[in-house]
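The values are calculated or read from the model by the stated rules, or taken from the named source; none is laboratory data. This one's a predicted model, so the numbers in the text were calculated from it and none came from an experiment. Counting neighbours? That spans all protein chains shown, and the Cβs are built from the backbone with ideal geometry, glycine included.
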Amino acid sequence: MTDGKPAAKGSPEGTHERLMVEAAQQDPTKFSALYEQHFNRVYAYIARRVRNRDAAEDLTAEVFHKALSNLPRFNWTGAPFAAWLFRIASNTIADQAKRAARENDFADVDEPGAVRQIDLEAVEQRALLYRLVDELPADQRRVIMMRFAEEKGIREIAEEIQRSEGAVKQLQFRGLQSLRARLGEMNG
């Protein structure tokens, strides 16, 4: 599992990752192995969204701090540990954006060095979307996360989860269809 890819459910890599998580839950000093394994992907995920190196570094540190603090409450569901880290990252980004919006509510964009006001509604909508993705069936959730959060191609996902490309496309279609329906219900 040295390639940094998530572990498939029931695979030897998934079993290894589960053992790593359980070991870290028993002894927090063993969290470093999980940190090393997932740091680059979590940092890249955050950096693509905040587009500011300093902020991405700070948020990545915050994500791993929160993950370590909440590790005793983590329950293994068979989904990759990275999915939990990405959820923490998305919530951390949303929280940071909300803080920035409150702090800079009246920022003047024409002023040199001023911060552009964050669209709080868009941030909340994105946070809602991440929560809805979390409610999808495990296979659909995994494909959606790999496809859109990790920005992987259909072929790459198919190889990783050992399914056909058609099956991956179908899981993606069903997942997106469910998300659209849930968003439609919530938005009237």
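Of everything in segment 177-188 that is part of a helix (DSSP H, G or I) and either free of Cβ contacts under 8 Å to residues at least 40 places away in the same chain or of a type in the set (Lys, Arg) (or both), the residue that is nearest to Leu128 (Cα to Cα) is Arg182.
Checking every residue in segment 87-101 against the condition of being more than 15 Å from Arg126 (Cβ to Cβ), touching a residue at least 12 places away in the same chain (Cβ under 8 Å) and among the small types (Gly, Ala, Ser) gives zero matches. Residue by residue through segment 57-82, note down the ones that are in contact (Cβ under 8 Å) with a residue 60 or more places away in the chain and buried (at least 20 other Cβ atoms within 10 Å of the Cβ). Answer for segment 57-82, where residues must be in contact (Cβ under 8 Å) with a residue 60 or more places away in the chain and buried (at least 20 other Cβ atoms within 10 Å of the Cβ): Pro80, Phe81, Ala82. What single numbered condition from (1) more than 13 Å from the chain's Cα centre (by Cα); (2) touching a residue at least 12 places away in the same chain (Cβ under 8 Å) fails to hold for Val42? Of the numbered conditions (1) more than 13 Å from the chain's Cα centre (by Cα); (2) touching a residue at least 12 places away in the same chain (Cβ under 8 Å), the odd one out for Val42 is (1). Taking the criterion of being closer than 21 Å to Tyr45 by Cβ, touching a residue at least 40 places away in the same chain (Cβ under 8 Å) and not β-branched (Val, Ile, Thr), the only residue of segment 152-174 that qualifies is Glu160. For segment 135-176, the candidate set comprises residues that are within 22 Å of Val50 (Cα to Cα) and part of a helix (DSSP H, G or I); within that set, the residue that is modelled with the lowest pLDDT is Ala149.
Could you tell me whether Val143 is in contact with a helix residue (DSSP H, G or I) (Cβ under 6 Å, 6 or more places away or on another chain) and more than 30 Å from Gln96 (Cα to Cα)? Judged against the criteria, Val143 is not a match.
Checking every residue in segment 32-44 against the condition of being farther than 21 Å from Arg126 by Cβ, surrounded by 15 or more Cβ atoms within 10 Å (Cβ to Cβ), hydrophobic (A, V, I, L, M, F, W, C) and assigned by TED's automatic domain parsing to the domain that holds Ala100 gives at least one match.
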